[in-house]
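Scroll down for the structure; my scribbles are underneath it.
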Amino acid sequence: MAKIIGGITTSHIPAIGRAITLNLQETPYWKPFFDGYPPIRQWLSEKKPDVVVLFYNDHGLEFFLNKKPTFSIGVAPQYISDDEGWGIATIPPVTGETELSWHICNTLVEDEFDITICQEMKVDHGLTIPLQLMWPGNTYGHIKVIPVCINCEQHPMPSLKRCFNLGRSIAKAIETFDKDLNVVVFGTGGMSHQLDGQRAGFINKPFDLMCMNKIVNEPEDLFQYSVRDLVEQAGAQGPELNMWMGMRGVLNGKVTELHRNYHIPISNTGAGTMLLENK
Ligand code: DHB
Ligand code: FE
């Protein structure tokens, strides 16, 4: 049977891609951020996952404001990074995993999650930057990626509880998949940030740290925050926390926190990095 071995949270800011391309990891601005990754890479190289279930959001590339699925899942054999700029270099394609992807889709629909199923899907920094961070030199080609995309761009957006429950259903699918695969789950994006408007640059460190503490073993305590609360507390892009909740829903009741890093600001954003091992 497939096994869920752990969860990882990471920022997906496009400027990270540019810093990787320009080799800025050791510069004073970037070092405190990039220093958060070696322990996670070490864990990944020991655990050797076969599949990443990757919760991300599409920033207007595959789904623009005229068509916006709340939840969409990729079932393609390959995904091309087709980001809209940000100074990101061209990178190799991402490998898909069609069988488990379809099994997840079947389970979700049985569980009354009416997802959009994507046999083709362009992907952006929300999905690619986390892979580049975990596998330096763009060596992620051997990992099979299942993209789970959550609408964080246009209201109405799903609640934290709904995203957590989406994760629970995905866990059920993985645990009933009849192949010996090790699966790791990524919750990408966040934490507090607002990219435009009057509060552009808004970051809320106490709120971010509270969310990091709660996500470990009291994720349900975060259900009290509505999407509107998230915008107030964590900025217009604060609902990206939904990807963290999806990831956390896939893990079991109790997890072990093996590592964390929090650094502000990276670009306009509070960058939170965590490694949670499934019990
Ligand atoms: C930034 C953050 C994001 O989440 C994003 O999608 C694009 C840019 C930023 O802080 O620059
Ligand atoms: Fe984003």
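The values are calculated or read from the model by the stated rules, or taken from the named source; none is laboratory data. Since the structure is predicted, the reported quantities are computational estimates derived from the model, not experimental observations. For neighbour counting, all protein chains shown are included, and Cβ atoms are generated from backbone atoms with ideal geometry for every residue, glycine included. Just the protein is used for accessible areas: all its heavy atoms, side chains included, with ligands, DNA and RNA removed. Shrake-Rupley method; radii C 1.70, N 1.55, O 1.52, S 1.80 Å.
Out of the residues in the stretch 128-170 that are among the basic types (Lys, Arg) and part of a helix (DSSP H, G or I), state the one that is surrounded by the fewest Cβ atoms within 10 Å (Cβ to Cβ). By that ranking, first place goes to Arg168. For the stretch 267-279, the set of residues classified as open to solvent by 20 Å² or more (accessible area, probe 1.4 Å) and in a strand (DSSP E or B) consists of Glu277, Asn278, listed by residue number.
Listed by first and then second residue, the pairs with beta-carbon distance under 6 Å, at least 6 apart or on different chains, first residue in the stretch 248-263 and more than 11 Å from Gly7 (Cβ to Cβ), second of a type in the set (A, V, I, L, M) and crowded, with 17+ Cβ neighbours inside 10 Å, are His259/Leu275; Arg260/Met274; His263/Ala271. Note on the stretch 106-127: among residues that are farther than 23 Å from Gly238 by Cβ and either under 15 Å from the mean Cα position of the chain (by Cα) or of a type in the set (Val, Ile, Thr) (or both), the one that is surrounded by the fewest Cβ atoms within 10 Å (Cβ to Cβ) is Val109. Just one of the listed residues (Ile40, Ile73) is at pLDDT 95 or above, within 21 Å of Gly187 (Cα to Cα), open to solvent by less than 10 Å² (accessible area, probe 1.4 Å) and assigned to a helix (DSSP H, G or I), namely Ile40. In the stretch 257-266 there is no residue matching the filter, namely being closer than 19 Å to Tyr56 by Cα and surrounded by 24 or more Cβ atoms within 10 Å (Cβ to Cβ).
Taking residues in the stretch 199-224 that are more than 13 Å from Arg260 (Cα to Cα), and partners anywhere that are of a type in the set (Ser, Thr, Tyr), the pairs with Cβ atoms closer than 8 Å and at least 6 places apart or on different chains are Phe202/Ser192; Ile203/Ser192; Ile203/Thr269; Asn204/Ser192; Lys205/Ser192; Lys205/Tyr262; Phe207/Ser192; Phe223/Ser159. Per this entry, Trp86 is not counted among residues that are at pLDDT 95 or above and either farther than 26 Å from Pro239 by Cα or open to solvent by 20 Å² or more (accessible area, probe 1.4 Å) (or both).
Which residue, of Gln198, Gln237, is away from ligand 2 (no atom under 16 Å from the Cβ) and within 21 Å of Glu153 (Cα to Cα)? Spell out the reasoning first.
Numbers: Gln237 fails: away from ligand 2 (no atom under 16 Å from the Cβ).
The match here is Gln198.
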